[in-house]
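First the structure, in the form of structure tokens, and then the observations on it.
Read-outs: derived from the displayed coordinates by stated rules, not from any lab. Owing to the predicted nature of the structure, the values given are computational and were not obtained by experimental measurement. A quick note on method: Cβ atoms are made from the backbone with ideal geometry, for glycine too, and the neighbour counts reach across all protein chains shown.
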Amino acid sequence: MGSILVTGAAGFVGSHVCEALAARGEQVVGLDNFDPYYDPQIKHRNLVGLKSQPGFTFVAGDVREAALMMAVVKTHAVDRIIHLAALANTRVSVNRAADYAAVNVGGTVNVLEAARAVAARQTVLSSTSSVYGATDCIPFVEDDPADHPLTPYPATKRAAEIMGHAYFNLFKLPITALRLFNVYGPRGRPDMMPYKIAQGLVRGQPITLFNNGQMQRDWTYISDIVSGIVGALDHAAGFNLYNLGRGQPVLMVDFVQILEELIGRQAIIKDEPSPPSEPSITFASVDKARRAFGYNPIISVAEGLAKFWAWFREQPESQ
């Protein structure tokens, strides 16, 4: 059996996925370009444990480099791919549409071409719950058209999903796109809400909540997301789209309250109206993934935030 290429390996989700695969004895090739969107030193720390794993190989590189992607899959006998590398964050994408298209669409095409070159047995593409936009279909289901994205970020992710279908149609490559819902946990990015809330509480700084904290988000703990990604990797069956969420939306005001109790501080809330980049709710139906490969999220938000806080308070950035 060949090796598994994981792009975005030094990131939040990618480093956890690599660890899970290495732990079950897979040969894993991790690729990352240490994009300076946030401090690259954080990403280097994410790799510390992995680099001691005998089955893990790291390659510094960018998915926008087509020749490099082709060389990596051929040199390392890659036969499965998990493509996580991306520019993220809906609000940041508003003024960087060209960059997001280059990475999230152009980079995905390079990954798909590499998968085609080695006739990959399975390619998993990470997408986002944001593709659903402000849908009236609640909970979100995979057969929603998802054709009204609110910002360039989900627009590029939806384009990548559609490109995946084109490669399945033309070349019969098994391809699965996973729509991830509000992932949180240890190693979460500094621009993500759990990190920003915890940091604001620790430092006594204001925390911005939209619509008086009445927005709802389907927070999904990292270990549940990883189990879904690995499950999808092992379930190659044509072209498929799956939601990976918890299926239990939480009001942001309640999410903040859990962290207040864990940290022992009261938040200074700055209320702002919701910008056009933000849907009022994210809410995953996970029935399709459950039926296909046994996806079963088990970590409650209270338990997950306790684990996140235990990690966060040990980070240099938490001071």
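What to note about this one:
- Percent of C-alpha pairs per 20 Å bin in the chain, short distances first: 33, 60, 7.
- Here the Karplus relation 6.51 cos²θ - 1.76 cosθ + 1.60, evaluated at θ = phi - 60°, turns the backbone of segment 127-141 into coupling constants of 10, 8, 4, 5, 4, 6, x, 8, 5, 8, 8, 10, x, 5, 10 Hz, with x for every Gly and Pro.
- Here the relative contact order of segment 179-319, from alpha carbon pairs under 8 Å that lie six or more residues apart, stands at 38 percent.
- Longest to shortest principal axis, alpha-carbon extents of segment 89-171, angstrom: 39, 29, 16
- Placing +1 on the Cβ of every Lys and Arg and -1 on the Cβ of every Asp and Glu, with no other charges, gives segment 187-319 a dipole of roughly 180 debye about its Cα centre.
- Whole-Å distance, taken between Cα centres, linking segment 233-296 and segment 28-91: 25
- Loop trypsin sites (Lys or Arg not before Pro), segment 147-234 (other Cβ atoms within 10 Å of the site Cβ: 12 or fewer; DSSP): 172
- Percent of beta bridges antiparallel (DSSP, the chain, rounded to nearest 5): 5
- Think of each Lys and Arg Cβ as +1 and each Asp and Glu Cβ as -1; about the Cα centre, that makes the dipole of segment 141-189 roughly 340 debye.
- Loop GluC sites (Glu not before Pro), segment 2-86 (other Cβ atoms within 10 Å of the site Cβ: 16 or fewer; DSSP): 65
- Length gained when the stretch residue 248-residue 171 is fully extended (0.36 nm per residue, less Cα-Cα span): 24.0 nm
- Between residue 39 and residue 260, the distance separating the two model label sites (each 7 Å from Cα on the Cα→Cβ line) works out to 2.8 nm.
- In summary, the lysines within cross-link reach of residue 270, defined as a Cα separation below 28 angstrom excluding same-chain residues under 8 places away, comprise 196, 307.
- Additional length obtainable on full extension of the chain from residue 234 to residue 74, 0.36 nm per residue less Cα span: 55.5 nm
- Take the Cβ atoms of residue 52 and residue 315, set R0 to 25 Å, and the FRET efficiency comes out at 0.75.
- Across 131, 202, 105, mean-square fluctuation computed from a Gaussian network of the chain (C-alpha pairs under 10 Å connected) peaks at 202.
- Order of 5, 259, 87 - criterion: other Cβ atoms within 10 Å of each residue's Cβ, fewest first: 87, 259, 5
- Taking segment 224-256 and a reference point 7 angstrom along Cα→Cβ of residue 269, the backbone N atoms nearer than 13 Å belong to 251-256.
- Between 0 and 90°, nearest 10: helix 252-263 axis offset from the chain longest Cα axis: 80
- Restraint check, 43/157; 51/288; 74/172; 157/288; 74/288; 172/288, Cα-Cα greater than 30 Å: 51/288; 74/288
- Per residue, the convex hull spanned by the alpha carbons of segment 14-85 comes to 86 Å³.
- Among the trypsin sites (Lys or Arg not before Pro) within segment 228-318, those in coil by DSSP and having at most 16 neighbouring Cβ atoms inside 10 Å are 265, 313.
- Between the beta carbons of residue 98 and residue 210, assuming R0 = 30 Å, the FRET efficiency works out to 0.65 to the nearest 0.05.
- Angle in degrees between helix 12-23 and the longest Cα principal axis of the chain, rounded to the nearest 10: 50
- Over the chain: helical MRE at 222 nm, DSSP H runs n ≥ 4 each giving -39500 (n - 2.57), nearest 500: -11500 deg cm²/dmol
- Proximal charge balance of residue 29 [Cβ under 12 Å; K/R count +1, D/E count -1]: -1
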